[in-house]
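Chemist: Structure provided below as structure tokens; questions to follow.
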Amino acid sequence: MIRFGPWSTTLGLAAGFGALVSVLLLAAPGNRAANRLLAALLGVVVLRLMPYVLGFAGFYEVHPWLSFAPFDLGLATGPLLYLYVRRLVSPGLPARWWRHFLPAAVMLGYTLCAFALPLARKHWWNDVVHERWVDPLESAASIVSLAAYLVASVRFQRRYQAWLQQNVSDREEHRQPWLATVLVSLELWWVVTVGFEFVNRFLTRLNHYDRFPQYLLFAVIILGLGLEGWRQAGHRFPQWGARAEPPPPVVAPARDWATTGGAWVERIRAEGWWREPGLTLSEVAHRLGTNETYASRAFNQGLGRNFNAVINALRVEAVQVRLASGEETPVLVMALEEGFSSKASFNRVFREHTGLSPTAWRTAHFNEKPINPRLETT
């Protein structure tokens, strides 16, 4: 008899929510390619819950032919995570990206073949072959695969953050707490899976009811990923490698990078480029008629500061001039007009460059008339 009790209903609601968010992500207007990968990732995670939703509700007793239904696509979880992390911050997928899904495709083909067997033959195959040989190998392969792709995703994200530090003027706006949430969630998924598999293989056999805490935690992870995934679906990250560098100009081997860097900073100051939120090294290099490598060398070797520090120093300098002049514009408005993207990033950068908060700096450098406290926004 099919009956949805508290256990099957709890897991079913989480699975339904994850499926709904997957559909919404497919239609989300921003980051379409990345969101489709995230939708697929959520779909695979939701499918992982389905045997337990159906099992607790009694479907397998009423419809035994459901055994070997292709719900477990664990070998696709790691590749989808890694490709999502990459596609979110780069203009395209890596070459021959489809090869990452070959193990999952092989496993899916095996499961479909087993699912198509007559019921008696299916039971024999499960008891004699699948439970003894295939299931342990599949579980081990899924665990190893997810671990490897988690490591690759973490390394890629770290490299991207280092690139942001060197190439984007408002790195604070793109720290990717969402990606950190995704990675931590799937790391927790991996740890719990390994723990339950260890108990099941080496200590005592676990049935569906013993595994309910494992899948309850999976349901919580699905809810978190769904909510945050939809909330962050439209955030656009600077694209790593979006612009091809122009050929480097012919230069003398003993170029004075300090003089070059200083001249380029004065050009940036004169043109007012630093007022543009989200300004990147590639854009500035393109306008200067050089490439990212030479521009980075001029700033780092010639001036001892990376691009991010150079641009933010110009922004802080402009705000300081306006504060010292007694201008009665709210401080936050000044910051936004001079290129900062948010109050938090402005306050942090201003304190790094001056050692004081904007309010304290104005008090110390302008005392000719009292400041209206209603203008204080920081």
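Each value in this text was obtained by applying a stated rule to the coordinates, not by laboratory testing. Note that this is a predicted model, so its numbers are computed, not measured. Using ideal geometry, Cβ is built from the backbone for each residue, glycine included, and neighbour counts are taken over all protein chains shown.
Chemist: What nm distance separates the two modelled labels at residue 212 and residue 325, each placed 7 Å from Cα along Cα→Cβ?
Modeler: Label-label distance for residue 212 and residue 325, simple model: 7.0 nm.
Chemist: Among 260, 316, 284, which residue has its Cα furthest toward the positive end of the charge dipole of the stretch 257-375, with +1 on Lys/Arg Cβ and -1 on Asp/Glu Cβ?
Modeler: Of the options given, the answer is 316.
Chemist: Sticking with this structure for a sec: Which whole-Hz couplings ³J(HN,Hα) result when phi for each residue of the stretch 20-34 is put into the Karplus expression 6.51 cos²θ - 1.76 cosθ + 1.60, θ = phi - 60°, listed in order with x for Gly and Pro?
Modeler: Once θ is set to phi - 60°, the couplings for the stretch 20-34 become 4, 5, 4, 5, 5, 5, 4, 9, 5, x, x, 6, 4, 5, 5 Hz.
Chemist: With angles folded into 0 to 90 degrees, how steeply does helix 77-89 sit against the dominant principal axis of the chain? Use alpha carbons for both and round to 10.
Modeler: The two axes meet at around 20 degrees.
Chemist: Same structure again: Using a Gaussian network model of the chain whose springs link C-alpha atoms within less than 10 Å, name the residue from 48, 96, 322 with the highest mean-square fluctuation.
Modeler: With Cα springs under 10 Å in the chain, the top fluctuation among 48, 96, 322 is at 96.
Chemist: Given the options 102, 314, 38, state which has the largest fluctuation in a GNM of the chain using a 10 Å cut-off (strictly under) for Cα springs.
Modeler: Greatest mean-square fluctuation among the candidates belongs to 102.
Chemist: Also, quick follow-up: Equivalent ellipsoid semi-axes for the stretch 6-231, as square roots of 5 times the alpha carbon gyration tensor eigenvalues: give them largest first, rounded to whole Å. Don't jump to the answer; show the numbers that get you there.
Modeler: Details: eigenvalues 222, 70, 57 Å².
Over the Cα atoms of the stretch 6-231, the semi-axes work out to 33, 19, 17 Å.
Chemist: Under the classification rounded if a/c is under 1.5, otherwise prolate if a/b is larger than b/c and oblate if not, where does the stretch 262-370 fall, given a ≥ b ≥ c as square roots of the Cα gyration tensor eigenvalues? Don't skip to the answer; put the middle values down first.
Modeler: Numbers: a/c = 2.31, a/b = 2.13, b/c = 1.09.
Cα axes put the stretch 262-370 in the prolate bin.
Chemist: Give the relative contact order (percent, whole number) for the stretch 257-375; include only Cα pairs under 8 Å separated by 6+ residues.
Modeler: Reported relative contact order: 26 percent.
Chemist: Related question: Using a Gaussian network for the chain with springs between C-alpha atoms less than 10 Å apart, which of these wobbles most: 277, 213, 79?
Modeler: Of the options given, 213 has the highest mean-square fluctuation.
Chemist: By the gyration tensor of its Cα atoms, with a ≥ b ≥ c the square roots of the eigenvalues, what is the shape of the stretch 43-157: rounded for a/c under 1.5, prolate for a/b over b/c, or oblate? Mind dumping the intermediate values first?
Modeler: Details: a/c = 2.56, a/b = 2.10, b/c = 1.22.
It comes out prolate by the Cα gyration axes.
Chemist: Using mean Cβ contacts within 10 Å as the protection proxy, how do 152-159, 287-294 order, highest first?
Modeler: Going by the mean number of other Cβ atoms within 10 Å, highest first, we get 287-294, 152-159.
Chemist: Moving to a separate point now. Compute the distribution of all C-alpha to C-alpha distances in the stretch 129-219, in bins of 10 Å from 0, and list the percent of pairs in each, rounded to whole numbers.
Modeler: 14, 35, 25, 15, 8, 2
Chemist: Same structure again: Compute the angle between helix 307-324 and the longest alpha-carbon principal axis of the chain, please, reported from 0 to 90 degrees and rounded to the nearest 10.
Modeler: 50
Chemist: Still on this model: Give me the Kirkwood hydrodynamic radius of the chain in Å, from all C-alpha pairs, to one decimal place? Mind dumping the intermediate values first?
Modeler: Numbers: mean 1/r = 0.0406 Å⁻¹.
Averaging 1/r across every pair of different Cα atoms and inverting gives 24.6 Å.
Chemist: Also: What order do you get for 336-346, 260-270 when each peptide is scored by the mean count of other beta carbon atoms within 10 Å, highest first? The partial results should precede the final answer.
Modeler: Numbers: 336-346: 18.8, 260-270: 15.9.
Going from most to least packed, we get 336-346, 260-270.
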